[in-house]
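Scroll down for the structure; my scribbles are underneath it.
The values are calculated or read from the model by the stated rules, or taken from the named source; none is laboratory data. Here the structure is a predicted model, which is why all the values come from computation and not from measurement. Please note: Cβ atoms are built from the backbone with ideal geometry, for glycine as well, and neighbour counts cover all protein chains shown. Note: areas computed on protein heavy atoms with side chains; ligands, DNA, RNA excluded. Shrake-Rupley method; radii C 1.70, N 1.55, O 1.52, S 1.80 Å.
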Amino acid sequence: MSNLLVAENIVKKYGDFTALNDVTIKVPEASIFGLLGPNGAGKTSLIRIINQIIIPDSGSVMLDGKPLTPNDIQHIGYMPEERGLYKGMKVGEQALYLAQLKGMTRYDAKKKLSFWFDKLEIRDWWGKKVQELSKGMAQKVQFIVTVLHQPKLLIFDEPFSGFDPINANLIKDEILKLRDAGATVIFSTHRMESVEELCEYIALFDKSNNILDGKLSDIKRKFKSNIFEVEMYDIKNKLLLNELSENFDILSSNIGPGNNDASLQVKLKDAKDSNDLIQYLAMHGSIAKYSEMIPDANEIFIKAIEQNAKK
Amino acid sequence: MNKLKLIIKREFFAKVRNKTFLVMTILSPLLVVGLGALVGYLSKVNQDSIKIIGYVDDSQLLITKDFDSSKTIEYKDLSNVDIVIAKSQVEHGDFYGFLYVPKKDSISNIATSIEFYSKEPPSLQVISEVEGMVGYRLNYILLERNGIDSEALDASKINPNIKILSFSGEKSSKLIRGVKIAIGLSAGYLIMMFIIIYGAMVMRSVIEEKTSRIIEVIISSVKPFQLMMGKIIGTALAGLLQFSIWGVILLILSIVATAMFGADTTSIGTGNLPMQEVEVLDVVAKTEMQIIIEELIRLPVLPIFLAFIVYFLGGYLLYSALYAAIGAAVDNETDTQQFMLPVIIPLILGVYIGFASVVNEPHGTIATIFSMIPFTSPIVMMMRLPFGVPWWQIVISLLLLLGTFILMVWFAAKVYRIGILMYGKKPTYRDIYKWLKY
């Protein structure tokens, strides 16, 4: 799969402060790419560089295999974390203005806006001033303005903040539909549950560096703890626990009456793998449940940052 | 380029559709003309009322002719009653004041002991008229006593009226100088007002984009420089529209007002002068009126108007770039104060120099220097222009203005580019200096 966006060796300094220290990310086409990291890690600086709002001190950004040019802004849709609209301006007029700034013709913009306003059921707001809308309502308008010009690359910075759960789901579905239609999405957030749901790839930023990136499933495998949750019944070998502990680490155990059933947390030792464990268990009883404890994005996030802090 | 046009259009309509713009545009000229008409009307009413002054002349020196009523004062002889009774008559009657000329051994003693009583402090105009009347008679008597034939003296009095000519032989008038000063001062003052009002508008518009947080959305579509220039130009167009509307309304209203109140300017302008001088002035004015008109027609109206537009735009662009930078640097309007002072000072300086220096010596050193310095040149040069400025001075001043404008836009764009994305901390001058290097 080819990469739609490649930002290589980006360095950005503000005076003495280094916001991005030789950062590289590669965003595969038609995927959702999560840009994660604590506050001040450099995510917004990178996003602003991709949007050509600021210029990097060194490094290159390639879109579709070509260096980024000012004309590329019409291929990018950006919804910043700190978003806003002109308060005194009417919704429809404002959406038209912003769409035209992205290079759309007035006619085209009107047609597409009409489609989206119907889709998100906000047609009645067209003539209202933004200051009459609630925050969530304004966010919907903002979302439409971001995606209206059908950009190849969509960048959302904390897209769900300010939405109620119903509207957050609505927006999430729209983002997935856009991805399915071929758009590439960069998605910056602190909310890890949405990362699990949406992101195929992630990059984790900490202290101006990209400390971890790749396919989310690969990263999870890398961060797996080799701990398995096991539930058994009809245990034939009453000494199972003792024998098990010779080859594996038992982290916790809960043995039922008469030593007939048990639920365990078992960690693999160096030489053994998952198949060894399951084979061994199968010989001594019936397995009701067997699952590997895979860390969620949140745990990976915290772990990676802790490791980075130790370095 | 297309995007710049879009931004200009939006800024223009955002200003013009604003309710305050509409109210200001319509109300301001009404207020100005209304106030002017009111002042004119009041001063006319004031002058129309004849003030009655009672008098007792114990010296017996003043003659009946001296107490002939003038346009504004009517004298009433109260000598037939005692002075105490006369005084109380005036105090309780329908009198403006009471004049008492005592009997003394010498004229000079009389001159210093004349008394005037009134319920309220009398107007300067009345006092000077009374003083003029008494002074004239005492003078006359003194001359006669000293054996000087006052008739012959009167006959030999002459009022010189120096005709002012330029070397090319054109007649000039003393009054035309006042007209030129008025034209220059109002043009310079107008420029200052426009810069302050519309510069602040640009600044507020930048701050609004920052506080509403739309700025990041916009500058992911256009360059900050485009946004800044669009804002400056759009606001300028709104201002020009407002000025043209004002011009039209003012013209119509003053025609109406003149017709209604018949406000004749000579009576307002010379109202405070004693009668004799007014008469002299009237004569002069009548013979000079034509010269003034001729001279006004000869004034290079078109070049002055063109220069006004050029300096007006140059000055506005220069300052509004600064205002935009200030707006970008801060989060809200209250934080702007520390940066406003360096902007306001040169503007005020320009106007002061105009009033203090250009009026006396349009081509003096100070006036010339400040009409070259770009931060004051739009104001000071406009004040000098009606007096005729050598073309090379205008060229130098315009070049300097243009150069500084470009420099200022470069500076403002740098500050703007960084400032619009900075929130929270109130920046210092040092911070802004650092931004220049980002």
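Farthest toward the positive end of the dipole of segment A:87-173, out of A:W116, A:G92, A:L154, is the Cα of A:G92, where the dipole comes from beta carbon charges about the Cα centre.
Of all DSSP bridge pairs formed entirely within the protein assembly as shown, close to 60 percent run antiparallel. Note that segment B:75-87 has calculated 3J(HN,Hα) couplings of 9, 10, 6, 10, 5, 6, 10, 5, 4, 5, 5, 4, 4 Hz, one per residue in order, obtained from phi through the Karplus relation 6.51 cos²θ - 1.76 cosθ + 1.60 (θ = phi - 60°); glycine and proline are x. Between amide H atoms placed 1.01 Å from N, distances below 5 Å from A:D206 occur with A:I211, all of them 5 or more places distant or on a separate chain.
For the residue pairs A:K172/A:K207; A:K111/A:K135; A:K129/A:K177; A:K26/A:K66, the alpha carbons lie more than 20 Å apart in A:K172/A:K207; A:K111/A:K135; A:K129/A:K177. With 32 Å as the limit, the listed pairs A:K12/A:K311; A:K236/A:K303; A:K12/B:K210 have A:K236/A:K303 beyond it between alpha carbons. Expressed to the nearest 5 percent, the antiparallel share of DSSP beta bridges inside chain B is 40 percent. Every Cα-Cα pair of segment A:3-221 was included, and the share exceeding 32 Å stands at 18 percent.
Built from the Cα atoms of segment B:57-212, the convex hull projects on average onto 20.3 nm², one quarter of its surface area.
Bridging of B:K76 to lysines at a Cα separation below 25 Å is possible for B:K44, B:K51, B:K65, B:K87, B:K103, B:K104, B:K119, once same-chain residues fewer than 8 apart are set aside.
Here the Karplus curve 6.51 cos²θ - 1.76 cosθ + 1.60, taken at θ = phi - 60°, turns the phi angles of segment B:112-124 into couplings of 9, 10, 5, 10, 10, 10, 7, 5, 10, x, x, 6, 4 Hz, with x standing for Gly and Pro. Could you point to the residue in A:N21, A:V6, A:Y78 farthest towards the positive end of segment A:1-88's charge dipole, with +1 and -1 charges on the Cβ of Lys/Arg and Asp/Glu respectively? Going by the Cα projections, it comes out as A:Y78. With the convex hull constructed from alpha-carbon coordinates only, chain B shows a mean projected area of 30.3 nm² over all directions.
3J(HN,Hα) along segment B:209-220: 5, 5, 6, 7, 6, 7, 3, 5, 5, 5, 7, 7 Hz, from the Karplus curve 6.51 cos²θ - 1.76 cosθ + 1.60 with θ = phi - 60°, whole Hz, x for Gly and Pro.
Among the trypsin sites (Lys or Arg not before Pro) in segment A:1-106, those located in a DSSP loop and surrounded by at most 16 other Cβ atoms within 10 Å of their own Cβ are A:K87. Counts of other chain beta carbons within 10 angstrom of each beta carbon in peptide A:174-180 average 0.
Among B:A86, B:P29, B:I141, which residue has its Cα furthest toward the positive end of the charge dipole of segment B:1-141, with +1 on Lys/Arg Cβ and -1 on Asp/Glu Cβ? Value: B:P29.
For the residues A:S194, A:S58, a 1.4 Å probe over the protein chains yields an accessible-area ranking, largest first, of A:S58, A:S194. Take B:M24: with every protein chain present and a 1.4 Å probe, its accessible area is about 90 Å².
Inter-chain neighbour count for A:76-88: the average number of beta-carbon atoms from partner chains within 10 Å of each residue's beta-carbon is 5. Annotation: amide H of A:D64 within the under-5 Å range of A:L5, A:V6, sequence separation 5 or more or interchain, hydrogens built in the peptide plane. Take each residue of peptide B:216-229, count the partner chain Cβ atoms within 10 Å of its Cβ, and average: the result is 6. Using the alpha-carbon positions of the protein assembly as shown, Rg (one decimal) and Dmax (whole number) come out as 43.0, 157 Å.
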